[in-house]
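Chemist: Next up is a structure, given as structure tokens.
The values are calculated or read from the model by the stated rules, or taken from the named source; none is laboratory data. Values in this document were obtained by computation on a predicted structure and should not be read as measured data. Cβ placement follows ideal geometry from the backbone for every residue including glycine, while neighbour counts extend to all protein chains displayed. These accessible areas exclude ligands, DNA and RNA; they are computed on the full protein's heavy atoms, side chains included. Shrake-Rupley method; radii C 1.70, N 1.55, O 1.52, S 1.80 Å.
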Amino acid sequence: RYEPTWGSLDARPLPAWFDEAKFGVFIHWGVFSVPSFGSEWFWWYWQKEKREPYVKFMDTNYPPGFSYEDFGPLFTAEFFDANQWADILKASGAKYVVLTSKHHEGFTLWGSKYSWNWNAVDVGPKRDLVAELAASVRNRTDLHFGLYHSLFEWFNPLFLEDATNAFKTRKFPTSKSLPELYEIVTKYQPEIIWSDGDGNAPDTYWNSTGFLAWLYNDSPVRDTVVTNDRWGAGSICAHGGFYTCSDRYNPGHLLPHKWENCMTIDRRSWGYRRDAPLGDYLAIEDLVKQLVETVSCGGNLLMNIGPTHDGRIAVVFEERLRQVGAWLKVNGEAIYGTKPWRAQNDTVTPGVWYTFSPKEGKVNAIFLNWPISGILELGEPQAKLGETQVKLAGYKELLKWVALGEKGMVIALPQLTPQQLPCQWGWTLQLTNVN
């Protein structure tokens with residue numbers, strides 16, 4: 001049994017499925033999807049920081065005295081079809097999904113008894129959105145279902161009172177945040193608890209270690225659940241399950257601890273923005289590059305989309321997800337279930353990243369630029385004459401190669417028209433019998 005101490009909790013082995021999964025989809029959805037302007041931090045930027053674009057947006061488009069709470073009934077989700085979402089998630093090639101069950105605004109996407117009249121069953125859709133998505137994901141896909149949950153809430157009077165008392169009082173976590181966590185685990189049995197938003201309060205205020213000890217010892221998901229590292233001020237990148245370290249974290253080198261790169265397709269926001277220009281969305285080439293770099297350095301990629309207030313996954317997000325899925329159909333063996341190799345990227349040719357498939361004993365060299373010469377030089381693999389074989393994923397014939405001294409090899413790529421290429425945006429060479 002795990003003790004409620006970081007020493008004990010941090011020693012828990014991470015369930016193997018998470019490292020093998022490599023790729024997940026993050027979904028930021030909530031009342032902030034109604035204004036869908038600027039950022040999911042809309043309420044804070046408008047009311048607390050009084051940033052000019054937000055104040056002006058409200059003055060121009062809404063009557064005087066309109067409050068953030070008034071957006072609640074406008075969060076309608078009339079087009080939300082959980083089966084359709086599940087099908088898009090499946091087509092993306094992702095192995096897990098993380099839905100924002102509650103963001104810093106405090107609005108819960110399930111009918112929480114601890115969030116009276118500020119949840120999706122009492123207000124807005126009048127539906128349990130968490131339950132619907134959980135059911136569809138489990139019925140139609142093999143994805144692991146996970147939930148994001150914000151510890152703090154910007155404007156909750158109980159939290160503000162505790163903060164004024166320098167967190168010596170604990171009214172908010174005992175009456176709101178912790179009961180919600182127990183509620184979503186018992187009710188929906190998520191296999192990821194993606195915690196966030198510590199409000200600058202220490203983990204002792206949140207009783208994070210007490211909750212995690214229950215989660216790992218006695219909860220219905222004790223054997224399979226994974227957690228992140230955002231459990232109170234100072235715990236990020238130091239305690240918990242996998243490390244996130246910061247948003248859009250991509251160190252570019254191997255880390256000793258399992259980590260995740262959570263990032264957004266819309267480079268400026270996690271929530272949906274109605275006024276986002278096309279240039280703000282990462283291109284598929286950027287997304288493949290992020291995935292390959294992250295996995296070769298031992299991380300998982302959690303790629304975020306923001307649905308609309310009426311429950312649609314915007315076409316641009318759907319297209320990107322389906323493109324990643326199409327790429328993974330050809331190159332998935334170089335991603336799923338792989339381990340980092342002794343070299344992460346090539347020393348001679350830039351834009352080449354390595355992974356290792358332990359079951360097959362294969363080294364995967366993923367290259368992001370097809371060389372004009374048709375010849376790819378690799379500085380890292382040590383090839384063995386008469387033993388080493390080189391294959392291009394999605395192409396039948398073996399490729400010809402020549403060794404370069406002690407280390408390195410030159411590979412002749414097949415001469416293919418763009419239509420004949422097995423895929424776009426990046427290609428995998430599978431090397432067998434290399435040192």
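Chemist: Of all residues in region 196-220 being part of a loop (DSSP other than H, G, I, E, B) and open to solvent by 10 Å² or more (accessible area, probe 1.4 Å), which is nearest to VAL288 (Cα to Cα)?
Modeler: Looking only at region 196-220, we keep the residues that are part of a loop (DSSP other than H, G, I, E, B), and these are 197-202, 207, 218-220.
Checking the rest, the ones that are also open to solvent by 10 Å² or more (accessible area, probe 1.4 Å) come to 197-200, 202, 207, 218, 220.
Numbers: GLY197: 29, ASP198: 32, GLY199: 34, ASN200: 35, PRO202: 37, ASN207: 39, ASP218: 39, PRO220: 35 Å.
By that ranking, first place goes to GLY197.
Chemist: Within region 142-160, can one find any residue that is of a type in the set (Phe, Trp, Tyr) and closer than 26 Å to GLU20 by Cα? Let's see the steps before the verdict.
Modeler: The first filter runs over region 142-160 and keeps only residues of a type in the set (Phe, Trp, Tyr), leaving 145, 148, 152, 154-155, 159.
In the following step, the residues that additionally are closer than 26 Å to GLU20 by Cα were identified as 145, 148.
Yes: region 142-160 contains one or more residues that are of a type in the set (Phe, Trp, Tyr) and closer than 26 Å to GLU20 by Cα.
Chemist: Now, a different point. Just to check your reading of the model, which residue among ASN304, ASN369, ASN364 is open to solvent by 40 Å² or more (accessible area, probe 1.4 Å) and not in a helix (DSSP H, G or I)? Show your work before the answer.
Modeler: Working: ASN304 fails: open to solvent by 40 Å² or more (accessible area, probe 1.4 Å); ASN364 fails: open to solvent by 40 Å² or more (accessible area, probe 1.4 Å).
Exactly one of ASN304, ASN369, ASN364 is open to solvent by 40 Å² or more (accessible area, probe 1.4 Å) and not in a helix (DSSP H, G or I), namely ASN369.
Chemist: Still on this structure, please answer the following. Looking at (1) buried (at least 22 other Cβ atoms within 10 Å of the Cβ); (2) under 25 Å from PHE172 (Cα atoms), can you tell me which one TRP154 breaks?
Modeler: Going through the list (1) buried (at least 22 other Cβ atoms within 10 Å of the Cβ); (2) under 25 Å from PHE172 (Cα atoms), TRP154 breaks only (1).
Chemist: Continuing with this model, one more query. If we scan region 310-329, do we find a residue that is within 15 Å of the chain's Cα centre (by Cα), modelled with pLDDT of 95 or more, among the polar types (S, T, N, Q) and not in a loop (DSSP other than H, G, I, E, B)?
Modeler: No, the conditions are met nowhere in region 310-329.
Chemist: Within region 161-186, can you find the residues that are assigned to a loop (DSSP other than H, G, I, E, B) and either at pLDDT below 95 or closer than 16 Å to TRP231 by Cβ (or both)? It would help to see each step written out before you state the result.
Modeler: Step one: filter region 161-186 for residues assigned to a loop (DSSP other than H, G, I, E, B), giving 165-170.
Within region 161-186, PHE167, ARG170 qualify.
Chemist: Restricting the first residue to region 96-117 and requiring it to be over 19 Å from SER36 (Cβ atoms), which pairs with a second residue that is assigned to a loop (DSSP other than H, G, I, E, B) and modelled with pLDDT of 95 or more meet a Cβ separation below 6 Å and a spacing of at least six or different chains?
Modeler: TYR96/LEU143; VAL97/LEU143; SER101/LEU109; THR108/SER115; TRP110/ASP128; GLY111/VAL121; GLY111/ASP128
Chemist: On the basis of being touching a residue at least 40 places away in the same chain (Cβ under 8 Å), at negative phi, among the aromatic types (Phe, Trp, Tyr) and out of contact with any Ser or Thr (no Cβ under 8 Å at 6 or more places or on another chain), does TRP341 make the cut? Give the steps one after another, and end with the answer.
Modeler: On the way: touching a residue at least 40 places away in the same chain (Cβ under 8 Å): yes; at negative phi: yes; among the aromatic types (Phe, Trp, Tyr): yes; out of contact with any Ser or Thr (no Cβ under 8 Å at 6 or more places or on another chain): no.
It is false that TRP341 is touching a residue at least 40 places away in the same chain (Cβ under 8 Å), at negative phi, among the aromatic types (Phe, Trp, Tyr) and out of contact with any Ser or Thr (no Cβ under 8 Å at 6 or more places or on another chain).
Chemist: When you check GLU377 against the structure, is it surrounded by fewer than 18 Cβ atoms within 10 Å (Cβ to Cβ), at pLDDT 95 or above and in a strand (DSSP E or B), yes or no? Let's see the steps before the verdict.
Modeler: Working: surrounded by fewer than 18 Cβ atoms within 10 Å (Cβ to Cβ): yes; at pLDDT 95 or above: yes; in a strand (DSSP E or B): yes.
Considered against the rule, which asks whether it is surrounded by fewer than 18 Cβ atoms within 10 Å (Cβ to Cβ), at pLDDT 95 or above and in a strand (DSSP E or B), GLU377 comes out as yes.
Chemist: Could you say whether any residue in region 308-321 is β-branched (Val, Ile, Thr), open to solvent by 70 Å² or more (accessible area, probe 1.4 Å) and either in contact (Cβ under 8 Å) with a residue 60 or more places away in the chain or outside the structural domain of ALA120 (by the TED database) (or both)?
Modeler: First, pick out the residues of region 308-321 that are β-branched (Val, Ile, Thr): 308, 313, 315-316.
Next, from what is left, pick out any that are open to solvent by 70 Å² or more (accessible area, probe 1.4 Å): 315.
So of that shortlist, the ones also either in contact (Cβ under 8 Å) with a residue 60 or more places away in the chain or outside the structural domain of ALA120 (by the TED database) (or both) come out as none.
Scanning region 308-321 turns up no residue that is β-branched (Val, Ile, Thr), open to solvent by 70 Å² or more (accessible area, probe 1.4 Å) and either in contact (Cβ under 8 Å) with a residue 60 or more places away in the chain or outside the structural domain of ALA120 (by the TED database) (or both).
Chemist: Moving on to the next point. Restrict the check to region 373-380 and report whether at least one residue is farther than 30 Å from LEU74 by Cβ, of a type in the set (D, E, K, R) and touching an Asp or Glu at 6+ places or on another chain (Cβ under 6 Å).
Modeler: Of all residues in region 373-380, those farther than 30 Å from LEU74 by Cβ come to 373-380.
Those still in the list that are of a type in the set (D, E, K, R) too: 377, 380.
Applying the additional criterion that residues be touching an Asp or Glu at 6+ places or on another chain (Cβ under 6 Å) yields 380.
Scanning region 373-380 turns up at least one residue that is farther than 30 Å from LEU74 by Cβ, of a type in the set (D, E, K, R) and touching an Asp or Glu at 6+ places or on another chain (Cβ under 6 Å).
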